[in-house]
Amino acid sequence: MEPLLKVENIKKTYGKSSAAYTALEKVSFVIQEGEFVGIMGPSGAGKSTLLNMLATIDSPTEGKIYMNDTSIHDMKEAALADFRRDNLGFIFQDYNLLDSLTVKENILLPLAIAKIPAKEINIIVTRIAKVFGIEDLLAKYPYQISGGQKQRTAAARALVTEPALILADEPTGALDSKSATDLLESLSNLNENNNSTIMMVTHDAYAASFCRRIIFIKDGTLSTEIYRCDQTRKAFFQEILDILATIGGEVDDVI
Amino acid sequence: MTLFSLARKNIARNFSQYFLYIASMVFSIVIYFTFVTLKYSDTIEEKTASSQKLDSLMSGAAVILIFFVAIFIAYSNSFFMKKRKKEVALYALLGVRNRQIGLMLFFENLLLGLVSLVVGIVLGFLCSKGFMTILIHLMGYDVMAPFTFSGSAALNTAIVFLLIFLVTSFQGYRLIYQFKLIDLFHASKKGEAAPKSSIIVAILGVFLIVISYWLAMQDLFTSKVWEKVGFLMTALIILTTVIVGTFLLFHSVTGFVLAVIKKSEKWLWKGLHLMTISQLLYRVRGNARTLTVIAVLSATTVTAGGAVYSLYYNTNDLVKTANPNTFMYQQTDAKSDKQVSTILSGTKYDENIEALSVTFNTKELNSASAFDSSDKRIYTVINEKAYNKLAAVQHKEKLHVNNDNAVILDIGYDKRFSPKYKGKIITTENNNAITFQSFKTQTVLNAGTAGIAVVVSNDQFKALRKDGEALKYRVIGMDQASTGLSKKIAKQLPEEALFSSAPQDFQTSIEGVGSLLFIGSFLGLVFLAATGSIIYFKVLTEAEEDKPQYNMLHKMGVSTKEMRKSIASQVFVIFFVPLVVGLLHSAVALKAFSSLLMMNLAKPVLIWMIAYTVIYGLYYVLAVASYNRIITQNNKTEG
């Protein structure tokens, strides 16, 4: 099967030649459709750099990234914007909801931008709100709801266009454990039931344990890669901790 | 490291942040210094005969200027301080004593003030020549503006601004004591709800504005309301209702309109419409106060400037109406006539007119509304032939007067106070009766020499000879005449010749109105610049706040073009809704003004409004460009 995403030998350096700093080097991997991939690694390992490049907001110094066989960094600025609109969904750590819009309006914003007719928008929004259990909150404003509800709203917004790839950047970073679990379970269900492809950057082993596969990055290069396969989530969690210990990642969430 | 050097380094390092603040202070100082320089200028004082009047006018304007500049600086100071709350909180968190922080802010502010003062005075000195040239030109003089530095103006400016800076610096000092640490950290963050709009409040707002408009449109002299409530009270009521109404308008009506738009899902849920409208809804209501201030400031500037400019614009017409002939005087003796003739050259026409000064019984002209209700009036009578002769050289229509009838030439005619001439009969002492067939608001004889003139038929003129005193007028028309020539002629004539001169009248009125226009436009410019800057600051603050939102949209796949469009339309509403309201207010005020003066001010007012809108529009373009720059830059760096 043709992979959804193919990262080919990318390298990213910042700064001028004399004081250049290499954030990523020789990174290659593929993601198939329907995968739930976690990217882990200590601070400064290059996780966010990688995510930004997949999000097409940053471009690699060398190497190529293909999505459905198209090299995404060879596109023009306007085409890139359209590409993001049609193929990518984002979940941010700090939600990034618009205060001036209701929950419903926040969720439908990507559909409005894609110029979907109003009638269809209503149907789609109701459906996605149910998936995240926020159908009662639709008329509320962001300042009226909790952090967990905000993040679920943000996730609903990311998924409402049914993007080919969902990129989540530390989505549980600002949530308490109950809210985090709710969100992660929703994502996990989506992945299993709708065959959604999700890529999540996290440094939290608990959050990562919901993924089906985890790529570890250290000092800008791929360090190792593990699959959950048939393990229980708990066993997978333990395996992640072990690896983090060997590559020296933070294990702040163990306790 | 001393506090003073810390403050100094602070400024040096964050120069870009400080730049706007310094720029607005320097601007205020330049304006004030220039103005005071003009006030102290010898050149202008020497040239103006009415210098006493001009001087007091300038002093009054200077007070307004101080007041305004103080408010403006206070506003930019608070804007500037808001940006720095976090920094201040950080110092406190790191364990710097409150007193030290306070002193640091105090010195920093004072230092900024001193730097701006020096820069402002230097720039002001350079600008003052330009402004003086404009003033001299507007007042119709032909002298070179000098390039001198006025020590007393510098001293005056320094004292005024040092006082202002001391106050703002003290404000800075107090900042740390005023707030809790937590507030300082969250100063820029706010999650307030968009207030609900109520129809009742919206209707009330519109109602208040309508009332004030209605009151303003009432005729000052004939209206019952003005009479009953009193002049000052009515003016106050108009002012209050219009300001409160404007506030409610912004607070509720715009919100209401936007909320209605928000109901139309089909249109709203397309592209960035949703975002644009919601942001506006959120902003317009939250900023009702600022928008009101801007609308009122714009209205004031346009009204005052428009009124003064209209007067200036109409000066020439007024002088021409009152002086249809370039020169005119009553002939007394042949000797002076001859002397005048030797001075004159290049006249278009030079006529002798026979006239009568007749006292009439004018009881029939009196009415309740008229100001003047004397039973006897003296009119200057000329015959139809003389009128038509002058009308021909002055390019006016010919007139035909029936036998016992007459036409009165009353340039001061006002339908509210003047007699209803048509059909009225006046009689001479010998009971010669004349009926007014019509009246004209134009005359062919200079009003300064002849007063109100009455045209009668040639036969009637003969009959009236025995009722009045015979007069001989000399009327002179020239294409171009200087005040110098006018003065020379005046010297040759005795007082009782009642010499009237168009160039001299023009010079006198233009001196008064010209300085008024200068002061008006000067203050207008200041108000405009300040208004523009206030919105500009506001828009930039919003741009800073909106960074993450636009970054999210960027990631969501919204193109830069679409974002620019949304930004431009949001800023457009913030800029132009108050402008339109302000222009509407001033249009009503100027309409009232023009009907009070019985003048058609449409053209000069329109010119003035367009000029204002154009300069204001430049601020809009600048604001949108800065907004876009902030957002695009953030999208690039944030990734």
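The values are calculated or read from the model by the stated rules, or taken from the named source; none is laboratory data. Note that the coordinates shown come from a computational prediction; the quantities given were computed from them, not determined experimentally. Positions of Cβ are backbone-derived with ideal geometry, glycine not excepted, and every protein chain shown enters the neighbour counts.
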Looking at segment A:16-31, which of the residues that are of a type outside the set (A, V, I, L, M, F, W, C) and touching a residue at least 40 places away in the same chain (Cβ under 8 Å) is farthest from A:Lys64 (Cα to Cα)?
A:Thr22
Answer from B:Ser169, B:Ser198 - the residue that is small (Gly, Ala, Ser), touching a helix residue (DSSP H, G or I) at 6+ places or on another chain (Cβ under 9 Å) and modelled with pLDDT under 75:
B:Ser198
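Yes/no per residue for (1) surrounded by 20 or more Cβ atoms within 10 Å (Cβ to Cβ); (2) not hydrophobic (A, V, I, L, M, F, W, C):
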residue: B:His273; (1), (2): no, yes
residue: B:Arg289; (1), (2): no, yes
residue: B:Val296; (1), (2): yes, no
residue: B:Asn316; (1), (2): no, yes
residue: B:Ala322; (1), (2): no, no
residue: B:Met328; (1), (2): yes, no
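One line per residue, one yes/no per condition, for (1) at pLDDT 90 or above; (2) surrounded by fewer than 22 Cβ atoms within 10 Å (Cβ to Cβ); (3) not assigned by TED's automatic domain parsing to the domain that holds B:Ser533:
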site: B:Lys565; (1), (2), (3): yes, yes, no
site: B:Gly582; (1), (2), (3): yes, no, no
site: B:Ile615; (1), (2), (3): no, yes, no
site: B:Ile630; (1), (2), (3): no, yes, no
Which listed residue, of A:Lys76, A:Lys64, is more than 14 Å from chain B (Cβ to nearest Cβ) and of a type in the set (Lys, Arg)
A:Lys64
Within segment A:81-93, tally of residues that are at the interface with chain B (Cβ under 8 Å from one of its Cβ atoms) and either part of a helix (DSSP H, G or I) or under 21 Å from A:Thr61 (Cα atoms) (or both):
6
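Here is a yes/no grid of residues against (1) in contact (Cβ under 8 Å) with a residue 60 or more places away in the chain; (2) loosely packed, with under 15 Cβ neighbours inside 10 Å; (3) on the phi < 0 side of the Ramachandran plot:
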position	(1), (2), (3)
B:Leu390	yes, no, yes
B:His395	no, yes, no
B:Tyr413	no, no, yes
B:Ile425	yes, no, yes
B:Gly451	yes, no, no
Among the residues listed as B:Met598, B:Met609, the single one being on the phi > 0 side of the Ramachandran plot and either more than 14 Å from chain A (Cβ to nearest Cβ) or surrounded by fewer than 16 Cβ atoms within 10 Å (Cβ to Cβ) (or both):
B:Met598
Quick one: in segment B:233-260, which of the residues that are within 14 Å of chain A (Cβ to nearest Cβ) and in contact with a helix residue (DSSP H, G or I) (Cβ under 6 Å, 6 or more places away or on another chain) is surrounded by the most Cβ atoms within 10 Å (Cβ to Cβ)?
B:Gly255
So, of the residues in segment B:553-577 that are of a type in the set (S, T, N, Q) and more than 37 Å from the chain's Cα centre (by Cα), which turns out to be nearest to A:Met75 (Cα to Cα)?
B:Ser559
Failed condition for B:Asn98, given (1) under 30 Å from B:Glu544 (Cα atoms); (2) polar (S, T, N, Q); (3) at pLDDT 80 or above
(3)
Pick out the one residue from B:Ser438, B:Ser501 that is touching a strand residue (DSSP E or B) at 6+ places or on another chain (Cβ under 7 Å) and buried (at least 20 other Cβ atoms within 10 Å of the Cβ).
B:Ser501
Residues that are within 12 Å of B:Gln549 (Cα to Cα) and either within 7 Å of another protein chain (Cβ to nearest Cβ) or assigned to a helix (DSSP H, G or I) (or both), drawn from segment A:94-106:
A:Asn96, A:Leu98, A:Asp99, A:Ser100, A:Leu101, A:Asn106
Please list, ordered by residue number, the strands (runs of 3 or more DSSP E) wholly in segment A:1-77 having 3 or more residues that are over 16 Å from the mean Cα position of the chain (by Cα) and surrounded by fewer than 16 Cβ atoms within 10 Å (Cβ to Cβ).
A:5-14, A:21-31
So, in segment A:107-140, exactly how many residues are under 20 Å from the mean Cα position of the chain (by Cα) and at the interface with chain B (Cβ under 9 Å from one of its Cβ atoms)?
4
Those strands (runs of 3 or more DSSP E) completely within segment A:164-249 that have 3 or more residues that are more than 24 Å from A:Ile134 (Cα to Cα) are A:213-218, A:221-227
In segment A:141-163, residue nearest to the chain's Cα centre (by Cα) [restricted to those that are under 16 Å from A:Ala112 (Cα atoms) and not in a helix (DSSP H, G or I)]:
A:Pro163
Give segment A:115-148 a look and list any residue that's of a type in the set (S, T, N, Q) and either under 16 Å from A:Val160 (Cα atoms) or crowded, with 17+ Cβ neighbours inside 10 Å (or both), or say none.
A:Asn122, A:Thr126
